[in-house]
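Trainee: Okay, here's the structure, questions in a sec.
The values are calculated or read from the model by the stated rules, or taken from the named source; none is laboratory data. These numbers were taken from a predicted model, which means no experiment stands behind them. Counting neighbours? That spans all protein chains shown, and the Cβs are built from the backbone with ideal geometry, glycine included. Keep in mind that these areas ignore ligands, DNA and RNA; they rest on the heavy atoms of the full protein, side chains included. Shrake-Rupley method; radii C 1.70, N 1.55, O 1.52, S 1.80 Å.
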Amino acid sequence: MPRKLKKGVLVVLEGIDGSGKTTQARSLLRRLRYRGYRAVFFREPTRGPWGREVKRLAARADSLTPDEELELFVRDRRENVAKNLVPALEAGKVVVLDRYYFSTIAYQGAKGIDTGKIRRMNEVFAVRPDLVVVLDVDARAGLARVRGRKTRDELFEREDYLVRVARIFRGFKGPEFVHLDGRGDRRAVGRAIWARVAPLLLPRT
Ligand code: TYD
């Protein structure tokens, strides 16, 4: 019998590329399901039409202005909120989300767009998360994990950008945020995340 919750719970994982958030999101999902909770996983950018479009365009350097990029991420998110997040939360599920609007604040903010403006335009439609886990790694360590086929110059440029992105991520404050050291042992990071998630899982009364 699945365990029922009084209301849905939205847990977001954030961090720069290579911070380990996707691995942690998947292991959190497994842990939740193993314990009998109804849990679903989503990610942004999504695999929907806007998400695919933004990924395709973003892969080509400078094919979009920062404002156009922002617009596409927000469109993708609108769809994700309406089609995926709201229905799952209304059904009382635990939603594990790999990136949300904090990524837009950090990544598009690091391209010079006002972070307050990005936050406001998202918060008019985006459901508020119950918990935001920010995995912190420095840009070089993150890049080393995702290096792939980038050239030396691309890597330098990217590192410079990710340093600014990471700085914005570090600055998020509030009761819903937890900042963890992403370089730590993977299982220890997993346990630290669980310690913050478990108290949110109140049974239906
Ligand atoms: P990512 O989660 O890394 O996708 P994948 O694991 O499939 O590569 O996201 C792709 C990139 O998009 C990543 O570098 C972060 C960036 N991004 C933004 O710039 N703004 C956003 O709002 C989001 C959600 C992602």
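Trainee: Remind me, relative contact order of the range 9-201 in percent, using alpha carbon pairs under 8 angstrom and six or more residues apart?
Mentor: 33
Trainee: Measure off, as a whole percent, the carbon and sulfur share of the 1.4 Å-probe accessible area of the chain, all protein chains present.
Mentor: Answer for the chain: carbon and sulfur cover 51 percent of the accessible area.
Trainee: Next question, about the same structure. Sort Lys83, Lys111 from largest to smallest accessible area, using a 1.4 Å probe on the heavy atoms of the protein chains.
Mentor: Lys83, Lys111
Trainee: Considering only Cα-Cα distances, which of the following residue pairs are longer than 21 Å: Lys55/Lys117; Lys21/Lys55; Lys6/Lys93?
Mentor: Pairs exceeding 21 Å: Lys55/Lys117.
Trainee: Still on this structure, I have one more. Any idea of the accessible area per residue across the range 27-79, 1.4 Å probe, to the nearest Å²?
Mentor: In whole numbers, the range 27-79 has 60 Å² accessible per residue.
Trainee: Under a crude label model (7 Å from the Cα following the beta-carbon direction), how far is Arg186 from Arg60 in nanometres?
Mentor: Once both label points are built, they end up 3.6 nm from each other.
Trainee: Can you tell me how much longer the chain between Lys83 and Arg35 gets when fully stretched, taken as 0.36 nm per residue apart minus their C-alpha distance, in nm with one decimal?
Mentor: 14.7 nm
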